[in-house]
Each structure stands twice: as C-alpha cells, then as structure tokens.
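Presented below is the structure to which this report refers.
The values are calculated or read from the model by the stated rules, or taken from the named source; none is laboratory data. None of the values given here were measured: they were computed from a predicted structure. Counting neighbours? That spans all protein chains shown, and the Cβs are built from the backbone with ideal geometry, glycine included. These accessible areas exclude ligands, DNA and RNA; they are computed on the full protein's heavy atoms, side chains included. Shrake-Rupley method; radii C 1.70, N 1.55, O 1.52, S 1.80 Å.
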Amino acid sequence: MSSDAGHLTGRAGSGGALTGGVISGGRPRFGSGLFASELRVLFGRLRTRALLLVLAGVPVLIAVAVKLSAHPPRPGEGPPFLDRLTQNGLFAAVTGLFIVMPFFLPLAVGVVAGDAIAGESGLGTLRYLLVVPAGRVRLLAVKYTAVLAFCLAATLTVAVVGVAVGGALFGLGNATLLSGDTVGLGTALGRVVLVALYVAASMAGLGAIGLFVSTMTDIAVGAMAGTVTLAIVSQILDSVPQVSAIHPWLFSHYWLAFGDLVRQPIAWPQVGRGLLLQAGYVAVFGSLAWARFTTRDVLA
Amino acid sequence: MVDLDLAVPAGSVFGFLGPNGSGKTTTIRMLLGLASPSAGVARLFGETMPAAGRRVLPRVGALVEGPACYPFLSGRDNLRRLDAADRTRDARREARIETALERVGLTAAGGKRYRAYSLGMRQRLGLAAALLRPRELLVLDEPTNGLDPQGTREVRALIRSLAADGTTVFLSSHLLAEVEQVCTHAAVMRVGRLVTQGSIGAMRAAARPRLRVVTPDPGTAADVLTRCGLVATSTAAEQASDGEAIVSGELTGQAPEEVCAALVGAGARVRSFGVEQASLEDAFVALTGEGFDVVE
C-alpha cells in the first residue's frame with residue numbers, strides 16, 4: 001500500500017454528541033476477567049490436559065518400575081534420588097521432577113508459550129480480542145502470566161502425583177536428605193514443594209523466550225518447535241566444555257540446581273543465581289515480546 | 001491507500017464498496033488499529049488510531065474478514081471469552097450473551113462447539129460477538145458471506161433494525177445489490193483510492209433513467225430518439241425474424257409519453273415501451289466511467 005500523504009480518516013457523526021455513557025458498567029480492573037478466561041481456555045483445552053497427564057505419568061512410571069523390579073536401586077544407581085525411593089515415597093516426586101526437567105517440561109512449556117500469541121493469531125481470534133479492545137500490553141501480560149501458571153501447574157502435578165503414588169507404594173516418613181541429615185515428614189514435604197516452585201521458576205525464562213517467538217509468527221506449531229529447539233540447544237551448549245565461558249549465561253544452566261534444596265541446611269548460592277538468571281531472561285525476552293507485539297500489524 | 005476521508009454520518013448504513021483487492025479490508029484494519037499505515041495516520045471518531053484505541057474501540061463493534069473463534073469452545077463460551085477481554089465489565093454478561101445469540105438466531109446452537117458450526121452459523125456468531133454490547137458504530141466486513149438467501153435476508157433485517165436503533169453501520173461489501181438494498185450512503189474504492197462517496201439517492205440521481213423500445217423498425221426509432229434529444233442511444237438486434245431490435249437511450253428530461261407519440265408519429269411500430277430507473281450499477285458506471293468489477 002503506497003502512500004505519500006496517507007491521511008485516513010473515518011468519522012461517525014458530528015463529534016461531541018457521540019461521547020457518552022453507552023458503555024457503562026463495572027469498574028475497570030486490570031486483567032482479572034481476561035486472566036480468568038485465559039486460564040479457563042488454557043486448562044480447558046484437551047491439549048493442555050494431555051500435557052499434564054504425560055507429566056503426571058512420569059513419577060507413576062518411576063515408582064511402579066522400582067516397585068516391580070526385583071532389585072531395588074543401589075546407592076548411586078540410576079538418576080539422583082532414585083536410590084532413596086524405596087525408603088521414602090516422597091522421592092518419587094523429586095526423581096520425577098529431575099526426569100521431566102531436561103525434555104518433557106521444556107516441551108510442555110514450549111507448547112503453551114509458543115501457542116500464546118501465535119495460536120490466537122492463527123485462529124484469527126487475536127484480531128477480535130484486540131478490537132474489543134483487550135489492549136496489546138494487557139493481553140501480553142495475561143498470556144505470560146498464564147504461561148507461568150502452567151509451569152506451576154505442571155511441576156505441582158508431578159510433585160503431587162509423585163508424593164501420592166510414592167507414598168502409596170513405599171510409604172511416607174522421615175526422609176534422609178542429600179546431606180545425610182534426616183528430617184521429619186513435614187519438613188520433607190516442604191522441601192518437595194520448594195523444589196516444585198524452583199523448577200517452575202526455572203521455566204520462566206523459557207516461557208518468555210517462547211512468548212517472544214510466538215509474537216513473531218502466525219503459525220503456532222512453528223513457535224512451539226522453535227522454543228523447544230532453543231531449550232535443547234541451550235542444554236547441548238551447556239554440556240560442551242569448550243564453550244564453558246557462556247555456560248553461566250545459558251538459561252538451562254541452573255535447572256538442576258534444585259538438588260541443593262534437598263540438603264540440610266539449604267545451599268542457596270546456585271539456586272539464587274538460577275533465579276536471578278531467569279529474571280534476566282524474563283526481562284530481556286519480555287521486553288522483546290512487548291516491542292514486537294505492540295508494533296506489529298495484525299493481518300491474520 | 002491514498003488520502004482517504006470517509007464521512008460516515010451518524011445513524012447511516014454506510015456501504016463501503018470496491019472489488020476484491022481494492023483496499024476495503026486494509027482500510028478497516030487501519031481504522032481499527034490492527035495495522036498501521038505505511039505513511040500518515042488513520043483516524044476514527046477524529047482520534048488517531050491505534051493510539052486512541054482504548055477510548056475509541058469500546059464504541060465500535062466489528063466483524064473483520066469473516067468470523068474467527070476457538071474451535072474447541074462452544075458458541076456461547078466464545079462470546080464469554082470475548083466479553084471477558086473487555087475492560088468494562090458488568091454483571092449482566094450472561095443476559096447480554098443470550099440476547100446477542102437470540103438476535104442472530106443461534107440460541108439453540110449456542111452450546112455446540114464452534115468446530116461443528118456451518119459457515120453460516122459461524123458468520124452469525126461473528127455478528128453476535130459484534131452485538132455483545134451496544135455500540136455507536138458497527139463495522140461489518142462482508143457480513144453475508146457464506147449465508148444462504150434466508151440468512152442473508154435476516155442479516156439485512158438485522159442491519160436495518162440496528163440502524164433504526166441509532167447504530168451507525170459501516171458495511172463493507174463487493175456486492176452492489178446488497179449495498180443497494182440496505183445502505184443509505186456509500187463509498188466506492190478502486191485500487192486504494194476513493195472513487196466517490198455520498199448518499200445512495202444522490203448517486204442514483206447522477207445516472208439518468210433509460211428509455212427502452214422494442215420495435216421492428218430500429219432505424220426509424222433510433223432517429224426519433226436522437227431527434228428528441230436522448231443521449232447514448234444504442235440498438236441491440238433481437239432474435240426475431242422481422243428485424244426486431246431493442247433501441248434505448250438515456251432521458252435528459254423529456255417526458256416519455258412525448259417520445260412515444262413522436263415514435264408513433266414517425267411510423268415506428270412500438271411493441272414494448274418502458275423507462276428503466278437507473279440501478280446503482282448504472283450510477284457507478286456513470287460516476288466512474290467503467291464497470292464495477294474492473295480490477296487492475
């Protein structure tokens with residue numbers, strides 16, 4: 001559309017007479033109505049439920065496999081925490097989170113975050129939301145908050161199902177932590193919740209990256225694949241010693257630091273650095289998503 | 001899109017006409033703040049878009065480029081979702097949703113998933129979404145696309161009743177007949193430029209009525225018409241064996257009965273005689289000097 005003196009005006013009526021209380025009603029409130037609706041749409045979707053179901057299956061699989069095997073895992077065998085499972089069912093949750101961390105969880109978060117804007121755009125619903133007007137910044141904020149809510153729901157699902165199944169098969173009780181100290185069940189459960197929260201927070205950066213990728217395309221599957229690919233690339237780079245200089249800056253670098261939360265006392269340095277790094281990624285990619293989404297033309 | 005200024009009078013049904021690709025939808029996108037002009041600004045209600053969207057858009061309901069909903073949600077849930085996106089909230093959401101569904105005849109199908117809707121039902125749901133709240137301006141882009149004749153009639157009746165309630169309707173269409181039937185005003189686009197705009201009556205008045213004579217003596221008749229002062233006379237031969245033809249010309253103020261008398265006086269045998277009011281299509285031909293569906 002070429003235009004030199006592009007002046008495009010639509011007028012309805014003669015100005016002042018049209019302003020008035022046609023749209024009255026409730027006090028405007030930030031996002032709450034839209035956020036509730038976003039959660040309903042997100043968690044009402046078959047796809048979201050399927051993702052959560054797959055995640056919930058991981059601790060079940062671990063607990064049942066260990067229960068059925070003739071030889072309980074010896075100390076140091078298998079993934080971390082697995083050897084403690086037979087003593088305390090709680091560790092089904094922690095082992096489950098450890099196993100979903102590198103792939104299943106980033107995959108699920110990539111699907112949800114990549115779909116956030118691109119999905120609406122692909123369906124065409126984005127233009128109707130914007131015309132309502134939902135507000136671009138508000139919509140982006142609501143979408144990202146919903147992604148965080150999904151991260152939390154995902155890790156809590158693994159934790160709760162892990163504790164339930166592990167408890168049913170192996171019983172719950174005092175737990176021996178990685179530091180060798182034994183703590184009561186209450187403290188141990190608190191640690192499991194902390195681990196779930198940390199794992200969810202570890203996904204915040206990936207969620208922001210996914211949101212940014214999602215603002216760049218109308219094809220949701222592309223945004224999902226792109227986001228998951230970045231998660232894999234980050235972990236591959238993290239395992240290559242030759243590029244160790246950039247390791248502390250990779251968003252997946254501190255993902256497994258949650259083991260420090262299962263010590264007595266808790267070792268905070270790595271966990272703290274992990275959270276700070278995630279905050280940095282959220283700031284950078286959140287800003288990029290904002291810059292992109294508030295200026296782009298919505299043509300789909 | 002160059003220097004386009006659409007004067008849409010309040011309370012009018014404004015037809016926005018143009019062939020496919022003439023820039024109708026692009027104009028609507030810019031006015032609604034979905035797209036930005038490559039240069040210059042777009043204004044709606046005198047305010048710059050998209051900057052003033054938060055103030056302006058609540059006054060506007062829109063159906064842009066066909067309906068778009070979540071296929072996995074029911075029609076009713078789709079409306080709930082859109083209503084939740086609105087910052088201004090009130091407790092009567094459910095009642096408003098039911099009213100909107102009723103207005104477009106979807107009450108019975110409201111619980112069905114959008115995925116299972118026919119094209120016509122989808123179009124109706126899109127209209128219901130635009131009608132969720134009272135609006136000053138409704139922007140409807142091809143609202144009868146995919147509707148059967150019955151549905152098309154219902155939509156026309158709906159547009160008329162909305163206009164009667166004082167809502168200004170901005171109706172984009174490539175169908176002349178549709179605009180002619182419901183609109184009070186119209187604008188015509190061609191390759192990004194505004195060709196003309198004004199009231200339908202004024203446009204129609206710009207085209208002259210046409211006198212049409214069926215006669216086996218076309219030569220004599222044509223002479224008479226020219227002598228009487230009719231312009232743009234033409235002769236089209238018919239299939240009949242005796243040289244019957246249609247001779248026609250545009251009246252420029254002559255009384256048809258006098259032309260008829262002159263024809264008979266000159267000895268032209270008149271088998272059929274009539275005056276055709278100019279259709280909007282003729283008006284556009286007169287105004288633009290070419291057929292409507294010309295795309296370059």
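Descriptive notes on the structure:
- If R0 equals 56 Å, the separation of the Cβ atoms of A:LEU152 and B:SER199 corresponds to a calculated FRET efficiency of about 0.40.
- Look at the dipole of region B:13-204 built from charges on Cβ: of B:GLN150, B:ALA108, B:VAL179, the Cα furthest out on the positive end belongs to B:ALA108.
- Cβ-placed point charges (K, R +1; D, E -1), dipole of chain B about Cα centre in debye, nearest 20: 1800
- Dipole of chain B [Lys/Arg +1, Asp/Glu -1 at C-beta], most positive-end residue of B:ALA278, B:SER38, B:GLY15: B:SER38
- Debye intensity ratio in log₁₀ form over the Cα atoms of region A:31-295, taken at each q of 0.13 Å⁻¹: -0.84
- The largest accessible area among B:PHE284, A:PHE285, B:PHE273 belongs to the first residue in B:PHE273, A:PHE285, B:PHE284, and the rest follow in falling order (1.4 Å probe, all chains).
- Under a model in which nothing but the beta-carbon of Lys, Arg (+1) and Asp, Glu (-1) is charged, the protein assembly as shown shows a dipole of about 2460 debye around its Cα centre.
- Cβ-based charge dipole, chain B, positive-most Cα from B:ALA205, B:LEU225, B:ALA128: B:ALA128
- Average beta-carbon neighbours from other chains, 10 Å sphere, peptide B:58-69: 4
- Net dipole in debye of region B:208-277 [+1 Lys, Arg Cβ; -1 Asp, Glu Cβ; about Cα centre; nearest 20]: 120
- Dimensionless Rg ratio for region A:41-152, taking C-alpha atoms and the 2.2 N^0.38 Å reference: 1.45
- Alpha-carbon Debye profile of region B:208-277, log10 I(q)/I(0) at 0.20 Å⁻¹: -0.69
- Computed lengthening from B:ASN20 to B:ALA157, 0.36 nm per intervening residue step minus Cα-Cα distance: 46.8 nm
- Inter-chain Cβ neighbour average for residues B:26-39, partner chain, 10 Å: 5
- Value of relative contact order over chain B, rounded to a whole percent, pairs C-alpha under 8 Å and six or more apart: 22
- Per-residue SASA entry for B:VAL155, accessible area with 1.4 Å probe, Å² rounded to 10: 10
- Accessible surface of B:ILE200, taken over heavy atoms with a 1.4 Å probe and every protein chain present, rounds to 10 Å².
- The per residue volume of the convex hull around the alpha-carbon atoms of the protein assembly as shown is 216 Å³.
- The mean sequence distance of close C-alpha pairs (under 8 Å, at least 6 residues apart), as a share of the length of chain A, puts its relative contact order at 22 percent.
- Within region B:173-216, all pairs of alpha-carbon atoms sorted by distance into 10 Å bins from zero give the percentages 22, 44, 21, 11, 2.
- Averaged over the residues of B:127-138, the number of partner chain Cβ atoms lying within 10 Å of the residue Cβ comes to 2.
- Between A:LEU185 and B:GLU47, the simple spin-label model (points 7 angstrom out along Cα→Cβ) gives 6.0 nm.
- Look at the alpha carbon pairs under 8 Å that are at least 6 residues apart: their mean separation over the length of region A:147-237 gives a relative contact order of 30 percent.
- Chains B and A together bury roughly 5000 Å² of accessible surface, counting both sides and using a 1.4 Å probe on protein heavy atoms.
- Taking the convex hull of Cα positions in region A:168-208, its mean projected area over all directions (nm²): 3.9
- Ranked by how many other beta carbons lie within 10 Å on average, peptides B:188-195, A:104-111, B:113-120 from highest: A:104-111, B:188-195, B:113-120
- Residues A:HIS247 and A:LEU172, FRET efficiency given R0 of 45 Å [Cβ-Cβ distance, rounded to 0.05]: 0.75
- Intensity falloff of region B:13-204 expressed as log10 I(q)/I(0), Debye formula with alpha-carbon point scatterers, at q = 0.08, 0.13 Å⁻¹: -0.26, -0.70
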